[in-house]
1. When the range 100-133 is examined, which residues are found to be assigned by TED's automatic domain parsing to the domain that holds Ala366 and either loosely packed, with under 14 Cβ neighbours inside 10 Å or not in a helix (DSSP H, G or I) (or both)?
2. Among the residues in the range 38-59, are any within 19 Å of Arg203 (Cα to Cα) and outside the structural domain of Leu276 (by TED's automatic domain parsing)?
3. If you take the residues of the range 16-32 that are β-branched (Val, Ile, Thr) and assigned to a helix (DSSP H, G or I), which of them is farthest from Ile65 (Cα to Cα)?
4. From the residues in the range 177-220 that are touching a residue at least 12 places away in the same chain (Cβ under 8 Å) and in a loop (DSSP other than H, G, I, E, B), which one is farthest from Arg436 (Cα to Cα)?
5. Quick one: in the range 236-265, which of the residues that are β-branched (Val, Ile, Thr) and within 27 Å of Lys158 (Cβ to Cβ) is nearest to the chain's Cα centre (by Cα)?
6. Where residues in the range 177-202 are surrounded by fewer than 18 Cβ atoms within 10 Å (Cβ to Cβ) and among the acidic types (Asp, Glu), which of them is nearest to Gly243 (Cα to Cα)?
7. Given (1) touching a strand residue (DSSP E or B) at 6+ places or on another chain (Cβ under 7 Å); (2) at pLDDT below 90; (3) under 19 Å from Ala464 (Cα atoms), where does Ala16 come up short, assuming only one miss?
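The values are calculated or read from the model by the stated rules, or taken from the named source; none is laboratory data. Since the structure is predicted, the reported quantities are computational estimates derived from the model, not experimental observations. Ideal geometry is used to build each Cβ from the backbone, glycine not excepted, and the neighbour counts take in all protein chains shown.
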Amino acid sequence: MSVSDVFSIGVSALYAHKLALEVTSENISNVNTPGYSKQTAILESALPNQDSRFPVGSGVRVATIRRVHDDFLQKQLVSSSSSAGNYDIQQTAMQRVEQLFNEFSAAGLGTDLTSFFNAWQDLANNPSGQAERQAVLAQGDTLVSDFQRMNNNLNQVKSDANQSLQGLTSDVNDKLKTLAVLNDQIQQLEFQGGNANELRDSRDKLIQDLSEKVAVTYTNEPDGTVTVSLPQGATLVTKNQAGSFSLEADPGNSGFFKVMLTDPGGSVVSDVTQALKIADGNQGEIGATLQVRDSLVDGFISGLDELAYKLAEQVNSVHGSGYSLSGATGIDFFSPPIVLTPPATPTAGYSRSIAMNITNINDIAAAFTNPTAGGTTGDNRNALNIAALATKSNSMSTGNSTFSGYYNSLVGKSGVAAQVAERGATQSSAGIKQLRDMRDSASGVSLDEELANLIAYQKSYEGAAKLINVGTDMLDTVLSLVR
């Protein structure tokens, strides 16, 4: 080994440990960067010098800068993020629904149902009383307003969910385009022998953010790119090409949007609405929004429709069998429900269309016999029969129940739905936190570890510099011999 070999070994050590110090510095500077994976400079002995009789290594070199990454944990984070996005949307929507059925306020549909039948009981005590008759009409108007208000508010939840799809799909499209750009940058950089670790971190973080919006799976390709797809198989990103979502009005679904997907090549456009809202709990924000719009809220609207329909049907039946003060009979108290042809149910939409059929207090049929044909205005039997409907058990879709009992079941159902969504959101959040802790343990930056590495690499760098000083002294000695 010549003196020049000492310099070469020293220089290789200086370069290698300088690079290791840079990697350590990068780790320390990104200790609080979300999604950053720590990097490690992998050192290896350089090839030995074969010129001498006893080959000795020619120094040290950096074999690679390894990114500490666990793809299994990353895929679990992606799946959990989809679940969190799903339950966050459901929780927000179900809390709005629960507030509509909130019976802790001074007034509400449940309270007004009771007041309506109490007004009929008061009328039975004074069948010809003008104030009592006015109270019956007022309570009927209040019930009609309650049904219409709740129907409108529930449909507003659906409408708001539908409108939010515009922002969600736009956000997703931006992320898909960025993923395609990152794919291209990573592929080009690594093909040229560069280090794309930070770009890979950015891509992983972006896929995780994307999964909150829409459920996705991804596959790492040999060329360094990732292929991102929907769980049902439709491709969203491949190499440097990205697909895109668009919205179209669906005449078969009240004009609400259906979600269309244009494939990365731009040649195929398909309807993925049903695929996005498959109820597996991991469909992300878009899937959950579609579920809220097309199924979750519909259950409460149909329950409200059924209650309004049954109430009008029963009250009209009894009211029509009685007589008004003028002797008229066969009068409906509420507007009769429109009979729809199958497959639509006769209750569909009735909580929105329900209305009062009478406006004159004299048309209220409190009597069971005609007061103008030998009867008496004191006949209160029909008013009593309507008041008795408050405790009558009716055949409902959920079984036999009184009107108040059925409404209370809707109140309970809304509370349970809100609790389930809240519990799911809490569990998803806890699951993500646990997975992030596991990721940080494996891939996150530990300042203690990095500071120890910093000292070790610094001392190694100083040692390499001292080796070069020794080489310089040796060369000076040799040169002094030839002077």
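1. Asn125, Asn126, Pro127, Ser128, Gly129, Gln130, Ala131
2. Scanning the range 38-59 turns up at least one residue that is within 19 Å of Arg203 (Cα to Cα) and outside the structural domain of Leu276 (by TED's automatic domain parsing).
3. Filtering the range 16-32 for residues that are β-branched (Val, Ile, Thr) and assigned to a helix (DSSP H, G or I), the one farthest from Ile65 (Cα to Cα) comes out as Ile28.
4. Filtering the range 177-220 for residues that are touching a residue at least 12 places away in the same chain (Cβ under 8 Å) and in a loop (DSSP other than H, G, I, E, B), the one farthest from Arg436 (Cα to Cα) comes out as Asn195.
5. Here the residue is Val259.
6. Per the stated criteria, the residue is Asp184.
7. The number of the failed condition is (2).
Residue-wise test of (1) at positive phi; (2) in the same structural domain as Leu168 (by TED's automatic domain parsing); (3) modelled with pLDDT of 95 or more.
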position	(1), (2), (3)
Gly233	yes, yes, no
Leu247	no, yes, yes
Gly252	no, yes, no
Val259	no, yes, yes
Ser267	no, yes, no
Thr273	no, yes, no
Asn282	no, yes, no
Gly287	no, yes, no
